[in-house]
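*Asks:* Here it is: the structure, laid out below.
The values are calculated or read from the model by the stated rules, or taken from the named source; none is laboratory data. All values reported here derive from a predicted model rather than from experimental measurement. Note that we place each Cβ from the backbone using ideal geometry, even for glycine, and neighbour counts take in every protein chain shown.
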Amino acid sequence: MSSTEKDQYMVFPGEWFRQDLLMPIFGISTEAARKYRTNGVWLEGRQWRWDPARRIVFNRKAIEAWLGGQL
């Protein structure tokens, strides 16, 4: 492999995933996600929640439904 080639990975998130995957999966920045949470657009327990390590995780199916206009 030459130095100009890049490794490509396919990512398949589980039902709940950390914010690092918001951009590659949905094109949503972490700042936009923070605004959705703090403004009540995304609801705790539906689109996001705290995991046992007290990190915010997001629900893939709920965000897909939200993006599709299916609240």
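*Asks:* I want to confirm something. Restricting to region 6-26 and keeping residues that are aromatic (Phe, Trp, Tyr) and in a strand (DSSP E or B), which single residue is surrounded by the most Cβ atoms within 10 Å (Cβ to Cβ)?
*Replies:* PHE17
*Asks:* Okay, moving on. Within region 55-65, is even one residue surrounded by 15 or more Cβ atoms within 10 Å (Cβ to Cβ) and assigned to a loop (DSSP other than H, G, I, E, B)?
*Replies:* Checking region 55-65: not a single residue is surrounded by 15 or more Cβ atoms within 10 Å (Cβ to Cβ) and assigned to a loop (DSSP other than H, G, I, E, B).
*Asks:* Related question: Within region 29-41, count every residue that is closer than 14 Å to ALA62 by Cα and either among the basic types (Lys, Arg) or surrounded by 14 or more Cβ atoms within 10 Å (Cβ to Cβ) (or both).
*Replies:* Residues in region 29-41 being closer than 14 Å to ALA62 by Cα and either among the basic types (Lys, Arg) or surrounded by 14 or more Cβ atoms within 10 Å (Cβ to Cβ) (or both): 3 in total.
*Asks:* Checking the conditions here, which among ARG34, ARG49 is under 12 Å from the mean Cα position of the chain (by Cα), assigned to a strand (DSSP E or B) and without any contact (Cβ under 8 Å) to a residue 40 or more places away in the chain?
*Replies:* Going through ARG34, ARG49 in turn, just one is under 12 Å from the mean Cα position of the chain (by Cα), assigned to a strand (DSSP E or B) and without any contact (Cβ under 8 Å) to a residue 40 or more places away in the chain: ARG49.
*Asks:* Related question: Name every residue in region 19-41 that is among the charged types (D, E, K, R) and modelled with pLDDT of 95 or more, in order of residue number.
*Replies:* GLU31, ARG34, LYS35, ARG37
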